[in-house]
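What follows is calculated from the coordinates using simple rules that are stated; it is not laboratory data. The structure displayed is predicted, hence computed values, not measured ones. A quick note on method: Cβ atoms are made from the backbone with ideal geometry, for glycine too, and the neighbour counts reach across all protein chains shown.
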Amino acid sequence: MSAFKALGLNDELLQAITDMGFETPSEVQEQAIPILLEEDTDLVALAQTGTGKTAAFGFPMLQKIDVASRTTQGLILSPTRELCMQITNEMKSYGKHMKGLNVVAIYGGASISDQARQIKKGAQIIVATPGRMKDMISRRMIDISKIEYCVLDEADEMLNMGFHEDITEILSHSPQEKSTWLFSATMPREVASIAKEFMYQPQEITVGSKNTGSENVTHEYYLVNARDRYQALKRLADANPEIFSVVFCRTKRDTQKVAEQLIQDGYSAGAIHGDLSQNQRDIVMKQFRSRQIQMMVATDVAARGIDVDNITHVINYQLPDEVETYTHRSGRTGRAGNQGISIVIVSKSEVRKIRSIEKKIQKKFEVKEVPSGMEICEKQLMHLANNIKDTEINDDIEAYLPAINESLEDFSKEELIKKFFSVEFTRFYNYYNKAKDINVKPGHEKDYRDDTGSTRFFLNVGEKDDFNWMSLKDLLKEVLNLGKDDVYKVDVKDSFSFFNVDEKHKDLVTSVFADFEIEGRKVNVEESSGGGGGRKGGGRGRGGRSGGRGRSGGGGYKGGRRRDDDRGGRSSGGYKGKRSSDGGSSDSSKRGRFGGSSEGKSRFSGKRRGKSKPEGGGTGGRRRRD
Ligand code: ADP
Ligand code: MG
């Protein structure tokens, strides 16, 4: 308290500070308050979200205005309605012992005439979003020609949101000789340039070092194919049962989509973005604060309103365009002395962005692997074991024990433990036990392949069958359900072809092609012993070692195939029909890439190893948090 007094604050403010329970000033407050109280100066203050910037400008502004006058003396511009209301409420509680103080919030989406009426009563301080403010100035509902203090709060975000012109327009109605205080979490070029445009010899303070994140945050990235992004997110969440995180997406649409998907998959997730009503946002924020929501999916702008400590992970589901935004995102964790992890899920083409972030924040990212299904099962089991260990016994359970004991009396303690844990284990096991590895090995760039760990296959179709390397690659990707970089070195010869897949997909190829037809003709695929060269297998020609197909490549696969036969016709119903009865709907099937062969009759038949089995299933791997 005396520390606040030492900053030069008056009794009315000190009283409010006591009421609010603030004990010591935050760093930005300590630096900014004395300067702003003592001098009439412009100021640029850089500090992360949650560092107490509102009071850093709010206390001095309140102390400096004249409450006896009804003239508008202070203007605070803020990017969103949410923040605008937050600041207004803070200012009101800071100034609650100041008789006659009137702080008015001006923002879009609410009645303009109500707001105009409040202004008319005389507001010494206006807190506004730029859009509505500009509107009301042009309608002469607000007069800022006498303001002495102007705050640009979250300046970087206002610029990101395209408010530059509105700000220019608004400030053109304000006097030259006012003081302008700019507060921002980051200092991208645009902010530096408005500082130049609107300010005169500003003093500069920086809390923490510029552009670098908190010391308490470690940075990790996970390299996956773009289509596996969501799956990676899910696995990371499952591998961290105690996760309490903000998941950042770039657009409102993606934010909504990812949150919906998480909820559907049984996670306690929520979304916060600009398309939600104030009421909806309040509800999810409250749920997040009380931890009913473990994963808050957010846009960058909406996340500014999240004032929650103890966030364990920041997850960059998509990287932002600006490195500064990354800094801001990762600063959501590792606060108040806690350790935090900032995770980025990237595809190969984004790795260079990681490098430029590293340069900026002067910290190295650690490349991590998305945990395997079995690691996740183990984590979940240990989590359960620890939960049980820490659970306090509820004495009210006594009444039910005789019945419970009776029904379980035949089991030993060991058996009971096994059974009990199997409930949880089976749930995850069923979901994850066949889950494929979604990690992309770093350095596996598109045009460079190291053939170790790669298998070359021979296939008895070629140009004669109207394939070129592109169409064959498309077919292989489709039937194997692999990504565009997973099938490579496709060489199409006259009556046969070759292609490579990574070692890990070898069994998949063998089993899918164990029984596969193209236009009614059995296709033979076998491992080419020639490694990268390809000539070797050529001599075998069509048909090859036909026994290969009789031996089923992958255990239960044959049976599965037979079931399929029962459902759909063999060749004429074709590949397409079967796919739709599988419910499969990959992009390429929508584009109908394979439909071209003629009037919907497909050339291909064979069971497709559906991705919907281990990976996309809606029901497995659910998590409850009651
Ligand atoms: P920022 O604008 O930097 O994101 P805020 O001004 O919104 O941060 O402050 C974040 C939270 O910290 C608010 O709830 C505020 O009331 C609280 N706060 C601010 N200053 C202090 C302080 N000195 N001691 C304790 N809490 C504080
Ligand atoms: Mg703020």
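With a simple spin-label model that places each label point 7 Å from the Cα along the Cα-to-Cβ direction, the separation between Leu401 and Lys419 comes to 1.8 nm.
Shown here for the stretch 146-245: trypsin sites (Lys or Arg not before Pro) in loop regions (DSSP other than H, G, I, E, B) with at most 15 other Cβ atoms within 10 Å, namely Lys146, Lys210. Could you please report the charge total around Asp166, scoring K, R as +1 and D, E as -1 over all other residues with beta-carbon less than 10 angstrom from its beta-carbon? Charge balance near Asp166 sits at -1. Diffusion coefficient of the stretch 86-146 by Stokes-Einstein, Kirkwood radius over Cα pairs, 10 °C, 1.306 mPa s: 133 µm²/s.
For the Cα trace of the stretch 122-239, dividing Rg by the Kirkwood Rh returns an Rg/Rh value of 1.14. Just to confirm my numbers, what's the Cα centroid distance between the stretch 409-442 and the stretch 153-230 in Å? Centre-to-centre distance over Cα atoms comes out at 48 Å. With a Förster radius of 60 Å applied to the C-beta separation of Ser290 and Ser471, the computed FRET efficiency comes to 0.60.
Mean silhouette area of the stretch 1-130, derived from the convex hull of its C-alpha atoms and averaged over all directions, reads 7.8 nm². For the residue pairs Lys434/Lys506; Lys389/Lys436; Lys99/Lys121, the alpha carbons lie more than 21 Å apart in Lys389/Lys436. Counted residue by residue at 0.36 nm each, then reduced by the alpha carbon distance between them, the extension gain from Ile263 to Asp491 reaches 77.6 nm. In units of the compact-protein estimate 2.2 N^0.38 Å, the stretch 353-412 shows a Cα radius of gyration of 2.21.
Full extension of the chain between Ser69 and Asn10 yields a length gain of 19.4 nm, computed as 0.36 nm times the residue separation minus the alpha carbon distance. For Asp307 and Ile283, a Förster radius of 22 Å and the Cβ-Cβ distance give a FRET efficiency of 0.85, rounded to the nearest 0.05. Under the criterion of Cα pairs below 8 Å and six or more residues apart, the relative contact order for the stretch 1-82 equals 29 percent.
Beyond 30 Å between alpha-carbons counts as too far, so tell me which of Lys252/Lys473; Lys252/Lys379; Lys493/Lys522 fall in that bin. Long pairs (Cα-Cα over 30 Å): Lys252/Lys473; Lys252/Lys379.
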